[in-house]
Amino acid sequence: MGIGIAALVLAAVFGWRFYSQRQTLKASVALEDAMKVFNARIRAAGEPEEPGEVTYVTEKNKFEDAAKKFAAVADQYSLTQPGAVARYYAGLSYERLSQYGEAEKWLRQVASSSRSEVAALGRFQLAGVLSKQGKNEEAAKLYEELVANPTLFVPKPVAMLALADLYAKSNPPEATKLYNQVK
């Protein structure tokens, strides 16, 4: 009976691992497809499209398509690393469209992620979106958290410079102090 239970546990562990790896692989492929749209070239209105190249005539259409693709990846593969990255890029796409409320929604999800590096990127971008909406106190709080807890993707000097830029208009002495610390 003990051997049967051990075999069942091993089968469950290996089954979950296999499933998880397949989902991550599928999510990576879908994320790559969405990234092609996000990074697509903007061509002139009369310029012919190259075969096999993803191009757009307007940035608005490009980022609308990118946001949809990233949202689909994030929804379908929410438990994977590529799903978390897709959520981040969905927020960036909405920010580029100046749809700050929607960008804030997606970036808040990223910022609360258990994946620390992606969460830090989410907090950094979220602070930028909040400052564009005039929510400077909340943005400053996020930047201060990033200064206190730097990561590989958002190092301390980057967070300090962003905080100093935020303070440049409202609190110039504090901004100067931060600029000098980075210097």
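Laboratory data are not the source of any read-out in this text; all were calculated from the coordinates shown. Just so we're clear, the structure is a prediction, and the values are computed from it rather than from any experiment. When we count neighbours, we look across all protein chains shown, and the Cβ atoms used for this are built from the backbone with ideal geometry, even at glycine.
Under the rule of -39500 (n - 2.57) per DSSP H run of 4 or more residues, summed and divided by the residues of the chain, what mean residue ellipticity at 222 nm is obtained, to the nearest 500 deg cm²/dmol?
Counting only the DSSP helices, I get -25500 deg cm²/dmol.
By how many nm would the segment from Arg41 to Lys26 grow when fully extended, if each residue of separation counts as 0.36 nm and the alpha-carbon distance is taken off?
That pair, Arg41 and Lys26, stretches by 2.9 nm at full extension.
Only Cα pairs within less than 10 Å get springs; with that Gaussian network setup on the chain, which residue of Tyr94, Tyr19, Tyr56 has the largest fluctuation?
Fluctuation is largest for Tyr19.
Between Val13 and Asp165, what is 0.36 nm times their sequence separation minus the Cα-Cα distance? Round to one decimal in nm.
That pair, Val13 and Asp165, stretches by 49.8 nm at full extension.
At a threshold of 8 angstrom on Cα-Cα distance, excluding pairs fewer than six apart, so keeping six or more, what relative contact order does segment 3-138 reach in percent?
This gives 17 percent for segment 3-138.
When N counts the residues of segment 121-183, how does its alpha-carbon radius of gyration compare numerically with 2.2 N^0.38 Å, as a ratio?
Segment 121-183 yields a ratio of 1.00.
Using the Cα atoms of segment 8-79, I'd like the radius of gyration and the largest Cα-Cα distance, Dmax, both in angstrom.
Over segment 8-79's Cα set, Rg and Dmax evaluate to 17.6, 63 Å.
Can you list the residues, at least 5 places off or on another chain, whose amide H is less than 5 Å from the amide H of Thr55, using H built in the peptide plane?
none
Taking Cα centroids, how far is segment 2-19 from segment 90-138 in Å?
Cα centroid of segment 2-19 versus Cα centroid of segment 90-138: 40 Å apart.
Under 13 Å from the Cβ of Ala140, count the other residues' Cβ atoms, weight Lys and Arg +1, Asp and Glu -1, and hand me the total.
-2
Using only the Cα atoms of the chain, what semi-axes does the equivalent ellipsoid have when each is the square root of 5 times a gyration tensor eigenvalue? Give whole Å, largest first.
Numbers: eigenvalues 248, 151, 32 Å².
Taking √(5λ) for each Cα gyration eigenvalue gives 35, 27, 13 Å.
Taking the simple approach of a point 7 Å from Cα along Cα-to-Cβ for both Lys177 and Ala72, what is their distance in nm?
Taking the simple label geometry, Lys177 and Ala72 are separated by 5.0 nm.
Springs between alpha-carbon atoms under 10 Å, Gaussian network over the chain: tell me which of Val110, Val29, Val129 tops the mean-square fluctuations.
Val29
What does the net charge come to around Glu49 if you take all other residues with beta carbon closer than 11 Å to its beta carbon, with K and R at +1 and D and E at -1?
My count for the surroundings of Glu49 gives -1.
Given the pairs Lys69/Lys105; Lys36/Lys135; Lys36/Lys62; Lys132/Lys177; Lys69/Lys135; Lys36/Lys132, which are separated by over 21 angstrom at their Cα positions?
Violating the 21 Å limit, Cα to Cα: Lys36/Lys135; Lys132/Lys177; Lys69/Lys135; Lys36/Lys132.
Do me a favour and compute the ellipsoid semi-axes for segment 38-99 from its Cα gyration tensor, root of five times each eigenvalue, largest one first, whole Å.
Sorted largest first and rounded, they come to 25, 13, 7 Å.
For the chain, modelled as a GNM with alpha-carbon contacts under 10 angstrom, which of Val73, Val54, Val147 fluctuates the most?
Highest fluctuation among the options: Val54.
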